[in-house]
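**Q** Could you have a look at this structure, given as structure tokens, before my questions?
Just so it is clear, none of the values below were taken in a lab; they were calculated from the coordinates. All figures in this text were calculated on a predicted structure; none of them were measured in a lab. Glycine gets a Cβ as well: all are built from the backbone with ideal geometry, and neighbour counts include every protein chain shown.
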Amino acid sequence: MRLQPHRLNRLVVVVSFPLLAWACGSSGDEAPVTGGGGGTGAAGAGGLGGSGATTSTGGAGGFAGGGQGGQGGQCQPLPPCNATPPDPGPEQPWIHTSTPLLVTSQGSANHRGRDLFLNPGDPQWVIAKFAYGLLDKDLKDEAVDIYLLRDCGSSWEQLGTGLTTDDPQHPTVEGVEDTGGRIYFEIPQDKTLGLGRHRLRLVVQGDLTTTELFIEVVPPDTVVFVSDVDGTLTTYESEEFVVLLTGELSEANPNSVLALTALTDKGVRPFYLTARPEWLVERTREFLTVRGFPPGIVHTTQSKIGALGGEAVTYKTGELWWALGKGVVISYAFGNTESDGEAYQNTGIQPLDHRIFFQFDDPLGGRRIEDYGELLTELAAFDGPCP
């Protein structure tokens with residue numbers, strides 16, 4: 001897939017400063033920086049099958065792939081979640097007249113939403129970051145409308161309106177620290193999300209730029225797999241950084257889509273865990289969607305530069321403990337670097353031969369594969385939640 005020229009220009013400008021340092025400093029423990037995040041999409045415009053603040057003409061937020069676990073049952077097929085975005089109406093005046101001059105003039109929107117696993121009875125928070133331009137200038141104290149596509153159905157409802165934060169204004173929620181420009185919106189009790197997958201769309205009132213996120217409400221003991229992205233699902237470590245500059249998307253490793261889909265067909269939910277910078281979450285979703293990976297929860301770091309080496313280990317270990325704290329059971333873990341192996345070891349993912357490493361010898365005893373095709377028979381026979 002080739003990005004449109006206007007989008008490519010925006011991405012190259014946005015990534016050029018923070019990304020080059022990360023890519024050039026890669027130690028091989030985690031992927032160099034990949035594609036661009038955020039976007040300038042008008043609120044009525046769709047994404048490229050993914051979600052977020054990007055300009056497009058199609059329906060946003062949908063994952064076309066199959067998989068299981070939709071609408072409250074882990075063995076029910078997941079709906080496509082590709083309903084046309086809601087009409088937000090006209091732009092509204094900014095709360096602060098200085099916002100256009102000091103914030104939005106900095107460049108394109110780099111907004112990004114935070115996906116979440118939640119258990120029934122948990123407080124249900126909608127969390128997102130709003131920023132603009134090369135320096136990722138925070139949007140502070142401005143209004144954002146929040147829309148919900150409950151159960152990934154066909155009808156949108158407006159949950160309410162929130163104000164972006166001034167840092168540090170809000171307590172940390174679900175591991176997300178307030179660095180300014182964030183929305184922390186607690187879903188009202190009378191609009192509580194039920195079991196299943198839900199899509200949320202956030203619209204800045206002042207310019208109608210958007211981002212999206214997904215919340216999956218799951219019971220304890222929900223079975224998941226975790227997978228790194230760069231060099232594990234993409235064909236080599238630095239691929240996304242290279243193809244970003246040419247306007248392409250990364251290719252997927254042969255048979256990787258089939259392997260992960262075999263697990264979701266057994267009712268196993270995906271958790272995609274990458275140490276990319278936070279503002280690349282939309283690009284990550286786009287890669288997964290366009291290449292046909294099953295829909296799941298996507299987490300990046302919360303930083304502007306991502307994580308490498310020991311920092312990647314610390315980040316991924318923390319994210320895995322967060323997921324385990326929701327009671328999920330990690331059935332398989334996929335990676336391609338020592339940092340992946342250390343994070344899987346730190347959180348006790350067993351058995352060892354369910355730690356799968358693509359063309360990498362894990363010093364901690366995980367299993368090396370040369371091609372995901374080696375796993376297809378095994379995964380099709382996996383004793384998952386669904387027959």
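**Q** Using a ≥ b ≥ c from the Cα gyration tensor of the stretch 99-217 (square roots of the eigenvalues), is it rounded, prolate or oblate, where a/c under 1.5 gives rounded and otherwise the larger of a/b and b/c decides, a/b for prolate?
**A** It comes out prolate by the Cα gyration axes.
**Q** What are the ³J(HN,Hα) values, in whole Hz, obtained from phi via the Karplus relation 6.51 cos²θ - 1.76 cosθ + 1.60 with θ = phi - 60°, for each residue of the stretch 254-270 in sequence order, with x given for Gly and Pro?
**A** Per residue, the Karplus-derived 3J(HN,Hα) values read x, 6, 5, 4, 4, 5, 5, 5, 4, 6, 5, 5, 8, x, 8, 8, x Hz.
**Q** Still on this structure, I have one more. For the stretch 82-128, report the translational diffusion coefficient in µm²/s to the nearest whole number, using Stokes-Einstein at 25 °C, 0.890 mPa s, and a Kirkwood Rh over Cα pairs.
**A** Values: Rh = 14.6 Å.
The Stokes-Einstein estimate is 168 µm²/s.
**Q** Which residue, Ser98, Leu135, Asn110, has the largest displacement toward the positive end of the dipole of the stretch 67-139 when charges sit on each Cβ (Lys, Arg +1; Asp, Glu -1)?
**A** Leu135
**Q** Which entries in the list Lys129/Lys316; Lys129/Lys326; Lys137/Lys326; Lys140/Lys304 go over 28 Å, if you measure between the two C-alpha atoms of each? Could you put the intermediate results ahead of the total?
**A** Values: Lys129/Lys316 20 Å; Lys129/Lys326 23 Å; Lys137/Lys326 33 Å; Lys140/Lys304 17 Å.
Lys137/Lys326, as the Cα separations exceed 28 Å there.
**Q** Residue by residue, what Karplus-based ³J(HN,Hα) values in Hz, rounded to whole numbers, does the stretch 163-178 have, using 6.51, -1.76 and 1.60 with θ = phi - 60° and x for Gly and Pro?
**A** 10, 5, 8, 9, 7, x, 9, 10, x, 4, 10, 6, x, 9, 7, 7
**Q** Further question: Restricting to DSSP loop positions (anything but H, G, I, E, B) with no more than 13 other Cβ atoms inside 10 Å of their own Cβ, which GluC sites (Glu not before Pro) remain in the stretch 119-223?
**A** Filter output for the stretch 119-223: Glu177.
**Q** Residue-wise, which Karplus ³J(HN,Hα) couplings in Hz belong to the stretch 199-213, taking 6.51 cos²θ - 1.76 cosθ + 1.60, θ = phi - 60°, and x for glycine or proline?
**A** These are the phi-based 3J(HN,Hα) values: 10, 10, 10, 10, 10, 6, 4, x, 9, 6, 6, 9, 8, 9, 7 Hz.
**Q** For Gly181, enumerate residues with amide H under 5 Å from its amide H, sequence gap 5+ or separate chain, H modeled in the peptide plane.
**A** Result for Gly181 returns Asp141, Thr165, Asp166, Asp167.
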